[in-house]
Amino acid sequence: MSSTSVTSKNKITTLFEDTNDYSPYFRYTALITLVFMLINSSTFPPFTTILALAAILLPSVFASKWLWPAIFVTAVITFATGSIWTYDNHEWAVLYWMFTLAIFSFVRNDELLQRTARLLIGFIFLFATSWKIAASEFRTGAFFELTGHTEPRFTDIMIAFGLMPEAATTNDRAISRWGDPEYGLQGFSLITSPILESFWIFLTIGTYIVEGGLALLFLWPLVKKFTWLRDLALTVFFIGTYVMVPVSGFGNLLAVMGFAASNIELKRRIALYAGLIVLMEVIPTRMLILSFFGIGS
Amino acid sequence: MLLPVILLISVALNEPRLHLQDNLTSWKGGGFGMFATLDRHTYRPIVVNITFQEKTMQVDFRSYRAAIENDVNKVQHLEDTFALPSQHNLSVLAKQMAEMKYNVDNEFAIASNGEFGIPISYRQISIALYRIKYDAALNTGSWIPLTSWPEEKS
């Protein structure tokens, strides 16, 4: 027992403190990315997942400067040979992040890596906000109204806010009929909940404030004593969005990049961002919230 | 060293052009327009008509999906076409659909990759893609034309 403990401890020591000449910042950024890759293994080709697992278990693989270039090249090949226009936007962002780590495996510059992570997050939210400003159906609240009344990813939590469960099922069925040519492309009427009318406006304005605020905070070169605002805003977005809608892939990636972009002290940073991932992935947070409202199984 | 950031910006700035020119859905393509529009690629009904012997008949598109389910390339192209229905992608889809044979069942043409059925040329095919439109004041939705192939010349 004691010899096993000593061996394990040595491995961890090697992994975290004596790996190549990477800084602790890069080592933890790499480690949290590897954990993200294992949690979201369906996003990655099997070979990349095997590499990520090997890197966590074998210090020599973790220490290799070719690890991230190999992961990046494998991901790019898989991406380019698939249905490129059907990849989700966060899968594109994953590629940019792999590219970043591949570059900084060679260019040992923590400050520049931190800035790259910050700008990636900032521009993601800048483009996300720009689309939402440009789209009239988002500006008017129609996006949230239709989605909140029909899409199963939204409707289960909307029931907590007053949507009738039967209405959610009926709406989803009405909108899904287009796949059957017997029905043709008939229009449809939604069974709506008047109690939610102001809620759609609240969600629309709230999204502009949070996403626009994130773009501003991450793109603006804040003085160091205010950089904690970025961590706070990202945490608000993370909890607000991913408790509402179960799409944790993008959230986890933002936690990884948020960790890399953060200026707060390393131990606190690990606690915050690892905590956010645990909140979404390990503890069934969303299910607990739904159960609290008496929704779901 | 900010190459990943430059790459992100370049890809994202290209998306509005593809959106306006080729109807790329904002949910895909690396422009970060997800959760901004209702026009998702999974909410784009397709209507394919084939004309033979001076008669036009709608293809039951589910039969085409079933006929290609084991052909990875055709499935990939179909999914790409729903997300980016450019004239090029639609013409390739028409050519792939012309590789099938068609049988008539009630008022629909049923695609099959078997030996029996009517062979057609891709020039006998027309494709129309639709998108969702929601009127929040009336709580009603409808499907409006998004694009078509062959392209209608005005």
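The values are calculated or read from the model by the stated rules, or taken from the named source; none is laboratory data. Quantities reported herein were computed from a predicted structural model and do not represent experimental measurements. Don't worry about glycine lacking a Cβ; one is built from the backbone with ideal geometry, like all the others, and counts go over all protein chains shown.
You will find that of A:P59, A:P152, the residue that is under 18 Å from A:I32 (Cα atoms) and away from every other protein chain (no Cβ under 11 Å) is A:P59 and no other.
Which of the residues belonging to the range A:213-240 are closer than 30 Å to A:N171 by Cβ and crowded, with 16+ Cβ neighbours inside 10 Å? Within the range A:213-240, A:F237, A:F238 meet the criteria. Residue-level analysis places A:T43 among those that are surrounded by 12 or more Cβ atoms within 10 Å (Cβ to Cβ), in contact with a strand residue (DSSP E or B) (Cβ under 9 Å, 6 or more places away or on another chain), at pLDDT below 90 and hydroxyl-bearing (S, T, Y). Hey, among the residues in the range B:73-99 that are more than 9 Å from chain A (Cβ to nearest Cβ) and in contact with an Asp or Glu (Cβ under 8 Å, 6 or more places away or on another chain), which one's surrounded by the fewest Cβ atoms within 10 Å (Cβ to Cβ)? If we take residues in the range B:73-99 being more than 9 Å from chain A (Cβ to nearest Cβ) and in contact with an Asp or Glu (Cβ under 8 Å, 6 or more places away or on another chain), then B:Q87 is surrounded by the fewest Cβ atoms within 10 Å (Cβ to Cβ). Only a single item in (1) facing chain A (nearest Cβ under 8 Å); (2) within 12 Å of A:S130 (Cβ to Cβ) is not met by B:L13, and it is number (1).
Selection of the range A:184-207 for residues being touching a residue at least 40 places away in the same chain (Cβ under 8 Å), at the interface with another protein chain (Cβ under 9 Å from one of its Cβ atoms) and part of a loop (DSSP other than H, G, I, E, B) yields A:L190, A:I191, A:T192. Say we look at the range A:102-114 and pick out the residues that are free of Cβ contacts under 8 Å to residues at least 40 places away in the same chain, part of a helix (DSSP H, G or I) and not β-branched (V, I, T); which of these is surrounded by the fewest Cβ atoms within 10 Å (Cβ to Cβ)? So the residue we want is A:E111.
Taken together, the criteria exclude B:N49 from residues that are of a type in the set (S, T, N, Q), closer than 16 Å to B:A83 by Cβ, surrounded by 14 or more Cβ atoms within 10 Å (Cβ to Cβ) and more than 7 Å from chain A (Cβ to nearest Cβ).
For the range A:127-144, how many residues meet the condition of being more than 7 Å from every other protein chain (Cβ to nearest Cβ) and buried (at least 21 other Cβ atoms within 10 Å of the Cβ)?
Count: 2.
Within the range A:208-220, no residue that is within 13 Å of A:F238 (Cα to Cα) and free of Cβ contacts under 8 Å to residues at least 40 places away in the same chain sits with its Cβ atom under 7 Å from a residue that is assigned to a helix (DSSP H, G or I) and among the hydroxyl-bearing types (S, T, Y) at 6+ positions apart or across chains. Out of A:L95, A:L120, one residue alone is more than 22 Å from A:A63 (Cβ to Cβ), touching a residue at least 12 places away in the same chain (Cβ under 8 Å) and more than 7 Å from chain B (Cβ to nearest Cβ). It is A:L95. Number of residues in the range B:100-154 that are within 14 Å of another protein chain (Cβ to nearest Cβ), touching a helix residue (DSSP H, G or I) at 6+ places or on another chain (Cβ under 6 Å) and modelled with pLDDT under 90 equals 1. No other residue among A:G213, A:G179 is among the small types (G, A, S) and under 16 Å from A:I133 (Cα atoms) apart from A:G213. The helices (runs of 4 or more DSSP H) found wholly in the range B:60-123 and carrying at least 3 residues that are closer than 22 Å to B:G30 by Cβ occupy B:72-83, B:87-97.
Only one of these is within 14 Å of chain B (Cβ to nearest Cβ) and of a type outside the set (V, I, T): A:G249, A:G258, A:G213. Name it.
None of the others qualify; the one that does is A:G249.
Residues of the range B:133-151 that are outside any strand (DSSP E or B) and among the charged types (D, E, K, R): B:E151 alone.
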